[in-house]
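Heads up, the thing below is written out as structure tokens.
The values are calculated or read from the model by the stated rules, or taken from the named source; none is laboratory data. On a predicted model such as this, the values are computed, not experimentally measured, just so you know. Note that each Cβ is placed from the backbone with ideal geometry, even for glycine, and that neighbours are counted across all protein chains shown.
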Amino acid sequence: MSYTSDEMMAVAAARALSGRQRVFVGIGLPSTAANLARRTHAPDLVLVYESGTLGSKPDRLPASIGDGILAETADAVISVPEVFNYWLQPGRIDIGFLGAAQLDRFGNINTTVVGDYTAPKVRLPGAGGAPEIAASCREVYVVVRQSRRSFVERVDFVTSFGHGTGRGDRERLGLRGAGPTLVITDLGVFRPDAGTAELVLTDLHEGVSLDDVRAATGWDLKVAPDLGRTRPPTADELAALRALKEASK
Amino acid sequence: MSYTSDEMMAVAAARALSGRQRVFVGIGLPSTAANLARRTHAPDLVLVYESGTLGSKPDRLPASIGDGILAETADAVISVPEVFNYWLQPGRIDIGFLGAAQLDRFGNINTTVVGDYTAPKVRLPGAGGAPEIAASCREVYVVVRQSRRSFVERVDFVTSFGHGTGRGDRERLGLRGAGPTLVITDLGVFRPDAGTAELVLTDLHEGVSLDDVRAATGWDLKVAPDLGRTRPPTADELAALRALKEASK
Amino acid sequence: MAEIATLADAVGELVGDGDVVALEGFTHLIPTAAGHEIIRQGRRDLTLVRMTPDIVYDQLIGAGCARKLVFSWGGNPGVGSLHRFRDAVENGWPRALEIEEHSHAGMANRYVAGASGLPFAVLRGYVGTDLASVTESIKPITCPFTGEVLTAVPALNPDVTVVHAQRADRRGNVQLWGLLGVQKEAVLAARRSLVTVEEIVDELTPVPGAVVLPSWAVTVVAEVPGGAHPSYAQGYSERDNAYYAAWDAISRDRDEFGAWVGRLTREGSARVTGKGGER
Amino acid sequence: MAEIATLADAVGELVGDGDVVALEGFTHLIPTAAGHEIIRQGRRDLTLVRMTPDIVYDQLIGAGCARKLVFSWGGNPGVGSLHRFRDAVENGWPRALEIEEHSHAGMANRYVAGASGLPFAVLRGYVGTDLASVTESIKPITCPFTGEVLTAVPALNPDVTVVHAQRADRRGNVQLWGLLGVQKEAVLAARRSLVTVEEIVDELTPVPGAVVLPSWAVTVVAEVPGGAHPSYAQGYSERDNAYYAAWDAISRDRDEFGAWVGRLTREGSARVTGKGGER
């Protein structure tokens, strides 16, 4: 069964979630992956959206962070201040699932500007809930389409703090969560090095070469000694993903 | 029609409320008076209870601050943190209607201890919502049975701040509300002096003598030059009060 | 996911000697049955926390379970004093009771800070009162933008919070409605939590004004019909005002109270005898 | 008591040049019709406040109503950029736009502080990010009990907050349900408020999940059926996703946008033309 690299990315990201994990879901790629996981191998995932829903169970992909289906299928609907103060901030959420416009070598995320903040080349939407999601969830997974534009040596603006300039920065700042522990792209999977916290390629998606990844990485990429291969999407995974997307049209 | 001094007190206190005032209602005497006002001349009063009800419209006297009838008849039911933070603290309430175990010459209220705090003669229930009600409402009305035990030169413990040691203390402390502007007892009505903020007798209830009041006041009482007389309860007022009480049995 | 257990097992699992325990409920939905189980199991040296300690706290204090009370209003609502509480504070009987005293606004905000994972909360409170001089956990704090001085109070994070609710489903999601008090905040602020419920149902149908606590925010759920008596559960029971009145006489007298505790611990009966007969 | 008025009268009475104005709504219940009326009435020099400025803020910015934007996420949800917003920030067209940028947690807490009558709020936020260095209204604050350093943000108190709700009764009590966003806090934080509603009814019957804003907490209520379009009002309308998509093309081009503003102000039509035809 043929599939696109975006489909591979969504499936790989979905597989990273399991069991009864509480997932704070960003819109777009993270939402697609989290919903796919819930519809396939992880039906008990608890999806939390910043619009104020705990335990949403949509049967199609929400068109936006505030799609009515998120409220209608939730265990509880709460105010936006409450979702941040009572549920995110105290560390009740296992996984913060985020996208990025730029992601750097140490997992810092930029969704604010390309170029200089006061005279930007491209003004991006901004932070949204991400800075505190990245700070307070036990772990952060990032899902992003990879290119030299998005995978950069150093982000132009730190919207959400990853590992700063290396291992130990989070602890020094008093951040409670572990930060980005997993990055999934359309080419492969990256994890922070245990010693340095630099993102290291740990898995290549089927059909992708190491050169492909290097060409799409804006820094001198390190590769794990035991580099793995992502299993291609199964027919069931693809069918579920396509059904979710179809239902959203 | 004969009536008790408690009934006179309730009627006099009820008459102090009018129109669409928002009243933060303490339980006991204040609640009786506020509900009587709503059932007689002030049907549009907005009653706020610290248990989290806005606009309660009970048809009997609530047995406690958390009587179910307060929730069932309210315009909105909210959490206790919300009632204090969103509704009381910003100054949205016109009148704080409080009781007292001790009240002093400058309208300070004690509901904490008689005697020394660390070795009390009588341990009273404590502050409840009163300190912030007394601080944040635009005005405070106190309703209390008067005796040398309750009307004291200086309270043993300042649970809720009135006028401190005299006019200007509230402003110095940055308190926003005007503090106690009216005290209603079973003997008469008191208001703080415009200059000194000392409580001055401004009205005597029907059938009460000045000597009666002096005998029940723990300080050298000042009397307004134009001392008034409270109108006795009307038949309608008494009927409404007794019906409210009857319905609560 | 909340575990579903019996009340006795739940209290045995969650409440230990020396714990900081909050049984919350603002007149409505007071978890009295759980308090009685704590007495039965003979817990000691508890720090009891509650905005409005009423009869069940009088009972816990009189039975000698508590070494400290953190509170803002302690009385028998609509009746008068808590005599066991007063006996402990005024005479140290059955043991001395340390107190940490706040206002409602302060206590509510302390739970909010606890639920929010913050070490403190800010309010306009206590200004000019003697509470600030007798209670160490009240401090000034300066606004970094305006320079205005406000009041800070520390977060409350009980070891265990116990609340009563109308319903839970079989997965342990909890639903409560009517006067909600500070229960959600007290549960979220606690390290462990027990929710007693009127009934466990297959599905939580929506109810106007209802709040849902997801199963994963609760440690244990126990089905205890009438578990709030003599308080009430809106939609299930009425407040037993005569019980509150009858408690006054029992609690005034150490022997009468002792007999009541004896009946509770030996026979499991929390009944009181008042003008309206046994309740 | 809230006054009941037409939208034009309400905006005329409440929104003045130079005001700080928040039109809140978190995807659901966005008060678009009120935003269009502000454009029609030609307000200038507004400081626009919103957590999630989307199309209606793009329109207000493009029409030259705003001199400053206070926000945390500005985009066309599910579609992409706000091109009028970008043109103002990147190129100063039609005029330079000052920005004050926060995170959602920060903005939400700023409204909470505003609604609570406090000058600031405390959160665990912004740590390690560049936001703290570009935004002056983010400062450290030390817990007076633990010594821990947290983040303070100043209260937001708009001159006017505008929100859309499902219903009001004839006395001006407002009821809204579904995703509630930060609307209650934004209304309570404001000096004046306008609530546009789908309908005015005789009585507000209870609805699960609904919040009621009492009439005395609202300045003006205006009946504007469909006033949230292309956003939605749960129970009344669906989100018009094609409008959001169609807006992308119109907003990319200054002339196309100019023509749209012309139609809005001259003909009163806010329609857009997209793949699905006119909307």
Which numbered condition D:A63 misses (of (1) at the interface with another protein chain (Cβ under 7 Å from one of its Cβ atoms); (2) of a type in the set (G, A, S); (3) closer than 26 Å to D:H36 by Cβ; (4) buried (at least 24 other Cβ atoms within 10 Å of the Cβ)): (1)
Odd one out for B:L175, checked against (1) among the aliphatic types (A, V, I, L, M); (2) in contact with a helix residue (DSSP H, G or I) (Cβ under 6 Å, 6 or more places away or on another chain); (3) not in a loop (DSSP other than H, G, I, E, B): (3)
Test: B:L61 is closer than 30 Å to B:R242 by Cα and more than 9 Å from chain C (Cβ to nearest Cβ): yes
Flag if C:A113 is more than 9 Å from every other protein chain (Cβ to nearest Cβ) and either among the basic types (K, R) or buried (at least 24 other Cβ atoms within 10 Å of the Cβ) (or both): no
Selection from region C:216-253 of residues that are aliphatic (A, V, I, L, M) and part of a strand (DSSP E or B): C:V220, C:V221, C:A222
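Residues that are more than 14 Å from chain C (Cβ to nearest Cβ), part of a loop (DSSP other than H, G, I, E, B) and among the basic types (K, R): does region D:192-215 have at least one?
no
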Selected residue (only one of A:L175, A:L201 is away from chain D (no Cβ under 14 Å) and either out of contact with any Ser or Thr (no Cβ under 7 Å at 6 or more places or on another chain) or among the charged types (D, E, K, R) (or both)): A:L201
Counted residues, region D:185-206 - those being surrounded by fewer than 21 Cβ atoms within 10 Å (Cβ to Cβ) and not acidic (D, E): 7
Neighbours by Cβ (under 9 Å, 6+ apart or cross-chain): first from region D:63-87, in the same structural domain as D:S137 (by TED's automatic domain parsing) and without any contact (Cβ under 8 Å) to a residue 60 or more places away in the chain; second surrounded by fewer than 22 Cβ atoms within 10 Å (Cβ to Cβ) and not in a strand (DSSP E or B): none
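For (1) under 20 Å from the mean Cα position of the chain (by Cα); (2) modelled with pLDDT of 95 or more; (3) more than 26 Å from A:C137 (Cα to Cα); (4) not acidic (D, E), each residue gets a yes or a no:
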residue: D:S133; (1), (2), (3), (4): no, yes, no, yes
residue: D:L150; (1), (2), (3), (4): no, yes, no, yes
residue: D:H164; (1), (2), (3), (4): yes, yes, yes, yes
residue: D:G181; (1), (2), (3), (4): yes, yes, no, yes
residue: D:I200; (1), (2), (3), (4): no, yes, yes, yes
Output for region A:22-49, where each listed residue is touching a residue at least 60 places away in the same chain (Cβ under 8 Å), under 11 Å from A:I93 (Cα atoms) and more than 10 Å from every other protein chain (Cβ to nearest Cβ): A:V23, A:F24, A:V25
Hits in region C:152-184 - residues which are out of contact with any Lys or Arg (no Cβ under 6 Å at 6 or more places or on another chain), more than 9 Å from chain D (Cβ to nearest Cβ), surrounded by fewer than 24 Cβ atoms within 10 Å (Cβ to Cβ) and part of a strand (DSSP E or B): C:Q166, C:D169
Test: residue in region B:226-248 that is in a loop (DSSP other than H, G, I, E, B), under 20 Å from B:G26 (Cα atoms) and either out of contact with any strand residue (DSSP E or B) (no Cβ under 8 Å at 6 or more places or on another chain) or free of Cβ contacts under 8 Å to residues at least 40 places away in the same chain (or both): yes
Complete set of residues in region A:43-85 that are over 18 Å from D:H104 (Cβ atoms), acidic (D, E) and either surrounded by 23 or more Cβ atoms within 10 Å (Cβ to Cβ) or modelled with pLDDT of 95 or more (or both): A:D44, A:D75
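Return the residues of region D:37-56 that are within 12 Å of chain A (Cβ to nearest Cβ) and not charged (D, E, K, R); say none if nothing qualifies.
As a first pass, look at region D:37-56 and keep what is within 12 Å of chain A (Cβ to nearest Cβ): D:50-55.
Selection gives D:M51, D:T52, D:P53, D:I55.
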Some residue of region A:89-96 being without any contact (Cβ under 8 Å) to a residue 60 or more places away in the chain and touching a strand residue (DSSP E or B) at 6+ places or on another chain (Cβ under 6 Å): no
Flag for C:G262 being of a type in the set (G, A, S) and closer than 30 Å to A:E82 by Cα: no
Filter result for C:L48 (farther than 19 Å from C:I250 by Cβ and touching a strand residue (DSSP E or B) at 6+ places or on another chain (Cβ under 7 Å)): yes
Leading residue by the ranking (surrounded by the most Cβ atoms within 10 Å (Cβ to Cβ)) among those in region D:136-149 that are part of a strand (DSSP E or B) and more than 7 Å from every other protein chain (Cβ to nearest Cβ): D:T142
Matching residues in region C:18-31 - criterion: being in contact with a Leu (Cβ under 8 Å, 6 or more places away or on another chain) and crowded, with 24+ Cβ neighbours inside 10 Å: C:V21, C:A22, C:L23, C:F26, C:T27, C:H28, C:L29, C:I30, C:P31
The lone exception for D:T129 - which of (1) surrounded by fewer than 23 Cβ atoms within 10 Å (Cβ to Cβ); (2) out of contact with any Lys or Arg (no Cβ under 9 Å at 6 or more places or on another chain); (3) modelled with pLDDT of 95 or more it fails: (1)
Residue within region C:207-220 that is out of contact with any strand residue (DSSP E or B) (no Cβ under 9 Å at 6 or more places or on another chain) and surrounded by fewer than 20 Cβ atoms within 10 Å (Cβ to Cβ) present: yes
C:G106 vs. criteria within 10 Å of another protein chain (Cβ to nearest Cβ), touching a Pro at 6+ places or on another chain (Cβ under 7 Å), outside any strand (DSSP E or B) and closer than 21 Å to C:A186 by Cα: no
Among (1) within 24 Å of B:G164 (Cβ to Cβ); (2) touching an Asp or Glu at 6+ places or on another chain (Cβ under 9 Å) - the single one B:V25 does not satisfy: (1)
Filter result (within 14 Å of chain A (Cβ to nearest Cβ) and closer than 23 Å to C:L48 by Cβ) within region C:119-135: C:P119, C:F120, C:A121
